[in-house]
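Written out below as structure tokens is the structure these notes cover.
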Amino acid sequence: MIIFLIHNLLSLLLWKGTYDDDDDDGKYVKEDKVALAKDDIYKLRKQHVSESCILFYDPNPLQIVRAQGTYMYDENGVEYLDCINNVCHVGHCHPDVVRAGQKQMAALNTNSRYLSELNALYAKELTDTFPEELDTVYFMNSGSEATDFAMELCRVWNDATDFIVVESGYHGHTRSATSVSNYKYSHPKGIGQPDFVQQMNLPDMYRGDHRDPETAGKKYGMQVHDLIKRVEGRGAKVIILYYYYYILLHPLTFIILVFQLQDLL
């Protein structure tokens, strides 16, 4: 069994960098001025961008013009602590990341079908951090693509037909990823829960069904056990996609038990 722990949480960042105004290499452009009025931008978006692309705080959305470290800034320079972005793992516009991106974009931007020292060294350095048996990587361009490809690998690996997912889970925007994402298929305009998807309750120690630290982990874990047995009872095989969308305190015993359940598959 392969268990994917896909975290969509903003890291608590310790870095709060500043930029050297005398150094143009990687310096963030701090200009806050914009060419269009906020109302005009809003109208253009409504006219040309699909309504299915969510706009936070609509009909009075934030107009964010720049970001640095853990903060974002609107057109009036108002500072907001960013607790929702899941892309900038080391902070917005980190100077090391900016410089590295600028340097590489100025030298080469192509696919991985050509021999590249950087590509090979990165793969080695990445796998050096893994357990010994994990020595191969696939480079993907998005989390959705990674989820889609991982699901295909699972199906090839053990001919799995069913997936166990967690309530409120979100795995991406591809067709296969949305089909196993409760966040998507349970939406009023969603496709509904597919027959090959088995859903367990969110292992939430705060508002969940089980909150006792001594017993919650085992009780949540047994939900996974029972779902596996149900699927196997009709002669099918299953893969677990574990994901939590919110910042929750999960029982450690639940995590351990779910990993141990791989012996059942």
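Computed from the coordinates by the stated procedures, all read-outs in this text should not be read as laboratory data. Quantities reported herein were computed from a predicted structural model and do not represent experimental measurements. As a convention, Cβ positions derive from the backbone with ideal geometry for all residues, glycine included, and neighbour counts pool all protein chains shown.
Assorted remarks:
- With an a/c value of 1.5 or above and a/b not larger than b/c for the gyration tensor axes a ≥ b ≥ c computed over the alpha-carbon atoms, segment 172-245 is described as oblate.
- Linear extension gain, ASN119 paired with ASP39, 0.36 nm per residue minus alpha-carbon span: 24.4 nm
- Charge-dipole axis of segment 65-180 as Lys and Arg at +1 and Asp and Glu at -1 on Cβ define it, positive-most pick from ALA177, VAL97, ILE84: VAL97
- For segment 24-140: rounded, prolate or oblate by the Cα gyration tensor [a/c cutoff 1.5]: prolate
- Amide hydrogen proximity for ILE164: with H placed 1.01 Å from N in the peptide plane, the residues at 5 or more positions away or on another chain lying under 5 Å are GLN198, ILE239, ILE240, LEU241.
- Taking a ≥ b ≥ c as the square roots of the eigenvalues of the Cα gyration tensor, segment 63-115 is prolate, since a/c reaches 1.5 or more and a/b is larger than b/c.
- Distance histogram in 10 Å bins (all Cα pairs of segment 32-96, percent per bin): 18, 45, 33, 4
- Relative counts (whole %) of C-alpha pair distances in segment 113-237, using bins that are 5 Å wide: 2, 9, 14, 15, 17, 16, 13, 8, 4, 2, 0
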